[in-house]
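The values are calculated or read from the model by the stated rules, or taken from the named source; none is laboratory data. This is a predicted model, so every value here is computed, not measured. Using ideal geometry, Cβ is built from the backbone for each residue, glycine included, and neighbour counts are taken over all protein chains shown.
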Amino acid sequence: MKRRFLFGWLIVFMMSWTMTQANVFAMENGMSTGSEKRPTYIIDAKYDDATSKITGHYHVKIPVGEQKLQELYFHLYPNAFSNWKWGSASKPKKPGYLHVRNVKVDGSTARYHTKETLLKVSLPAYIQTGKTVQVEMDYELKLPQGGMRLNRFGDTAFLAQWYPMLAVKDQEGWHTDPYTSTGDPFYSRISDFKITFDIPKGYRLITSANDSSDSFSSKVTLQQSKVRDFAAVITKDYEPVRGKAGDVEVNLWYLKGMEDVAQELHHHAITAMKFFSKHFGDYPYKEVDVVLGETGYGIAGMEYPGLVTSLDKIPTRKGERPAVNVVAHELAHQWWYGVVGNNQVKEPWLDEGLTTFSEFLYMHEQMGEDEQKLLAKVAERTDQIHKEKGITSVESLYQYSDPVYGWMVYTRPAAMMWKLMEHLGKEKVLEILSTYYDRFRFRIATTQDFIHVASEVAGTDLKPFFHRWLYFQTDHKK
Ligand SMILES: [Zn+2]
């Protein structure tokens, strides 16, 4: 995600920047033993625009690893919008929810329990390790109006974290962390999806799958493999600008009134996809969609596999300008969060910091921007925050208040990578990033994994460097 500018003083310093081993855990989560064993979601979704509801049947096949499971957990994130707890400014105008019923395991009625944004499904004793368990249920999703990410606005339904999302179980156990409005409180495994959408006449679909050709059918089945999540936009409002970055289709979707920036942002979407592919490694899917427009309070843009959102324009000291940096930022997340996963609740810096650095690199090389002034301020400002609050750059989402989150999780790690580039040279830093990308493709990486890869590629122990920047340590005991 990228935060909007929330505070005036940030504008002064930050110029154009919107505030906005066991290398991995045993194959991501202890539930699966091979890279090809991943959950498959099969979802029927019927959209009714009169009631802003999606109803249908949900089915997920889950490979059970070598660890005996007694239960499964699913996140029902839309329930955060039924009783909003995160302040009136971000409160949706109309609430939303995700209700489930008729939960079955391998065809038999199962015991289940829902509490706010969490669903626990008990598993019968016969479930064997190494097998696949099938969970199904009926569901009803009500879209909030004015919700963060999940949102109904005009004739557009924005479906983000909109289905029961299987929680991750790793060596630390189940990750059932509750929703929060700070950052992106999501952590998910690479999965396969097959989704049949039934949409009213006149609507089209923009999704995480390759959907260009099917966009106007009323009933369409879309499939995507090896993605962490599946986002969809059902809309009558959006128009596309289409193009290609190599073999990858790059579509930019805009609303009426955004015509003045659509071409320029589409050009940068293509250039950014080429830039990141060249430096970090191939983008593994056939298509990416950039959807401009409102995605919720405090959010300038948001990343999903194969689909990102961005504002069309961002505020500057002199007025506004096209949101090139937000588009670049969200597209960089396809590499850092999308393909290389991390626990975004526990270590949000890992995807946000690398993504912000990628964004700065793009803005520096393609737009001629000079971030030196900003970056020079960052160490000083964040040292001061650390001194006052004792907080570091490697904390869980729940530890950060809003401006502190931006400084510690986005800018300080970006400044750290910039400093590393001054020490090692640009080529070495890009080699660190491409090696990290290659090694953790479709997996989950941790801070320690990143430091390990960086030290290996650099041929020198970078622990003291990273620990100083990330943990504010003067030695490297941690
Ligand atoms: Zn981000």
Kindly evaluate F276 against the criterion of being farther than 24 Å from R149 by Cβ and of a type outside the set (G, A, S). no
Conditions (1) in a helix (DSSP H, G or I); (2) farther than 27 Å from Q171 by Cβ: number failed by T460: (1)
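Residue-wise test of (1) over 29 Å from F442 (Cα atoms); (2) at pLDDT 95 or above; (3) not hydroxyl-bearing (S, T, Y).
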position	(1), (2), (3)
S108	yes, yes, no
L118	no, yes, yes
A125	yes, no, yes
L141	no, yes, yes
G147	yes, no, yes
P164	no, yes, yes
T176	no, yes, no
S181	no, no, no
I190	no, yes, yes
Can you work out which of the residues in region 300-316 that are at pLDDT below 95 and surrounded by fewer than 22 Cβ atoms within 10 Å (Cβ to Cβ) is nearest to F186 (Cα to Cα)? P315
Condition first: β-branched (V, I, T) and over 19 Å from G368 (Cα atoms). Now tell me which residues in region 315-346 satisfy that. V339, V340, V345
Taking interchain pairs and intrachain pairs at least six residues apart, which have beta carbon atoms under 6 angstrom, with the first residue in region 79-100 and more than 29 Å from V135 (Cα to Cα) and in the same structural domain as P185 (by TED's automatic domain parsing) and the second among the hydrophobic types (A, V, I, L, M, F, W, C) and part of a helix (DSSP H, G or I)? P92/F81
Among (1) part of a loop (DSSP other than H, G, I, E, B); (2) touching a Pro at 6+ places or on another chain (Cβ under 7 Å); (3) under 22 Å from V233 (Cα atoms), there is one condition G296 misses while meeting the rest; what is its number? (2)
Looking for something farther than 23 Å from R321 by Cα, within 15 Å of the ligand (Cβ to nearest atom) and surrounded by fewer than 19 Cβ atoms within 10 Å (Cβ to Cβ) - is there at least one such residue anywhere in region 367-386? no
Lone unmet requirement of (1) more than 25 Å from D192 (Cβ to Cβ); (2) within 16 Å of the ligand (Cβ to nearest atom); (3) in contact with a helix residue (DSSP H, G or I) (Cβ under 9 Å, 6 or more places away or on another chain) for L252: (2)
Number of positions in region 77-88 that are within 12 Å of K142 (Cα to Cα) and part of a loop (DSSP other than H, G, I, E, B): 1
Select from region 311-361 the residues that are within 26 Å of Q399 (Cα to Cα) and of a type in the set (G, A, S) and write down the one among them that is farthest from the ligand (Cβ to nearest atom). G341
Every residue from region 427-478 that is surrounded by fewer than 17 Cβ atoms within 10 Å (Cβ to Cβ) and on the phi > 0 side of the Ramachandran plot: G459
Among the residues of region 387-402, count how many are assigned to a helix (DSSP H, G or I) and within 16 Å of the ligand (Cβ to nearest atom). 2
Could you tell me whether I206 is outside the structural domain of L150 (by TED's automatic domain parsing), farther than 21 Å from H59 by Cβ and at pLDDT 95 or above? yes
In region 104-196, which strands (runs of 3 or more DSSP E) lie fully inside it and hold 3 or more residues that are of a type outside the set (A, V, I, L, M, F, W, C) and away from the ligand (no atom under 16 Å from the Cβ)? 112-115, 132-142
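Yes or no, residue by residue, for (1) out of contact with any Phe, Trp or Tyr (no Cβ under 6 Å at 6 or more places or on another chain); (2) surrounded by fewer than 23 Cβ atoms within 10 Å (Cβ to Cβ); (3) aliphatic (A, V, I, L, M):
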position: L143; (1), (2), (3): yes, no, yes
position: R152; (1), (2), (3): yes, no, no
position: F158; (1), (2), (3): yes, no, no
position: V168; (1), (2), (3): no, no, yes
position: Q171; (1), (2), (3): no, yes, no
Boolean, T129 is exposed (fewer than 12 other Cβ atoms within 10 Å of the Cβ) and polar (S, T, N, Q): no
